[in-house]
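Heads up: the structure comes next, in structure tokens.
What follows is calculated from the coordinates using simple rules that are stated; it is not laboratory data. Here the structure is a predicted model, which means the values were calculated and not measured. Positions of Cβ are generated from backbone atoms using ideal geometry, with glycine treated the same way; all protein chains shown enter the neighbour counts.
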Amino acid sequence: MKNNKPNLTFFQLWSMSFGFLGVQIGYSLQNGNASRILSALGAHVETLSYFWLAAPLTGMIIQPLIGHWSDNTWTRIGRRIPFIIGGAVLAAASMFFMPNSGSFAHIMPILLFGALMLVLMDASFNITMQPFRALVGDKVNENQRNAGYAIQSFLINVGAIIGSLLPFVLAKVGVQNVPDPGKTVAPSVIWSFYIGGTILLLSVLFTAFTTKEYAPGTYEENSVREEVKPQKTNWKQIIRDLPPVMLQLAFVQFFSWFALFLMWVYTTPGVAQNVWNTLPTDSVSAAYNEAGNWVGVIFAVYSFFAALYATFMARLANRFGRKTIYGLSLVAGGIGLLSMVFIHQPMGLIYSMIGVGIAWAAILAMPYAILSASIPTDKMGVYMGIFNITITVPQIAAGLLGGIILKLLCGKAIMMLGVAGISMLLAAVMVIRIKAKHE
């Protein structure tokens, strides 16, 4: 076995994932406000999950391709960084356009334009995120693997806090929180997307300028685990050689991401109905927008607890094993989601977010730490891209089934969070089946 990658300094570990902070600001603005924007543009609550299908569908197609291309790309600035920069530019552009969909009514129906911008935004996030995952796998050795992904998880959650809080903070400092007459989206949301897109670009450029990827010769010398140089592999062989742990993780991923998708889609209408007592057809009132801002706050809270948990999650995983910490974290998330069904006061939702944050931190780090220890380093990008299918398929399933489940629950959006909690607990049970290396 050869694995001569040197230990990296804390700054090197931190700077290579710093751009993910900006990406997550954009991703959190999408998660917290896409349903709000689409509802304002005319989407009904029963159809929201269909619009959200854009995210997993684009990810399922794009991430394996980006992984494969970045595995086989060497430029003056690296193999992953060109894709990270390109995706960030597209993501920022779509963030500037989506909340202004109403201004393009002369081109096409505003709901269609908003949906297209959601597709472009999510495709761009996927182009950017996948190389970030592979970049950590490229650069860190086994001794620093838990730490590398834990730092990435921490920065992701700091970005999520900022993105989730932006509309709430802007409203508190005086930016208008209801749409102008004849408009559909509140200025507080529009300016949040402007600010988030700008930070995304700047943070990605910071990573690009401070992170030096290994040159091809150095990469092969330092990274190849076997005593032979990697050979080009076709897609048929890649699929045939999938490590068994990927399939085992896929069952966990299915139930955990099914739960997360339901949470992102239905928290805003669920909280609006259950706490602010709005009607299902109400999507532009002051009460609905206040509920939307509070959802941003509680999403920031779960991101805060995720960031806090990420600071010592690697040490817990080193001591008790990745599987144990992964499973217990998912149990905490399931309990947190289930508790939201029974809470009718805004502040009470904060306690639910503690468990959700613990699960979110583990979902962002543990599967990748487990998987990256079991796949060939020369195929890190393509296998990470294929692994993204375990994220997209459950979201597609949740998107297709969400409206049907909601009708069975008599349109009570808050009950969808109970379904999400049960799904998260099932994910914790599936962890038992994982047989991973380095445990």
Checked against a 32 Å limit on the C-alpha separation, the offending pairs among Lys5/Lys236; Lys236/Lys407; Lys183/Lys407 are Lys236/Lys407
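Past the 15 angstrom mark, what percentage of all C-alpha to C-alpha distances in region 274-344 do you count?
In whole percent, the long-distance tail amounts to 67.
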Checking region 1-101 for trypsin sites (Lys or Arg not before Pro) in a loop per DSSP with at most 14 other beta-carbon atoms within 10 Å yields Lys2, Arg76
Expressed in Å to one decimal, the Kirkwood Rh of the chain from all distinct alpha-carbon pairs is 21.7 Å
For region 288-415, using Cα atoms only, the Rg and Dmax in Å read 17.2, 51
From DSSP H assignment alone, runs of 4+ in the chain each adding -39500 (n - 2.57), the sum over residues rounded to the nearest 500 puts [θ] at 222 nm at -25000 deg cm²/dmol
Tilt, helix 110-139 to longest principal axis of the chain (alpha-carbon atoms), in degrees rounded to tens, equals 30 degrees
Lys and Arg at +1, Asp and Glu at -1: neighbours of Ala171 with Cβ under 15 Å from its Cβ sum to 0
Dividing the surface of the Cα convex hull of region 243-298 by four yields a projected area in nm² of 4.8 nm²
The whole-number value in µm²/s of the Stokes-Einstein translational diffusion coefficient for region 1-96, with Rh from the Kirkwood sum over alpha carbon pairs at 25 °C and 0.890 mPa s, is 150 µm²/s
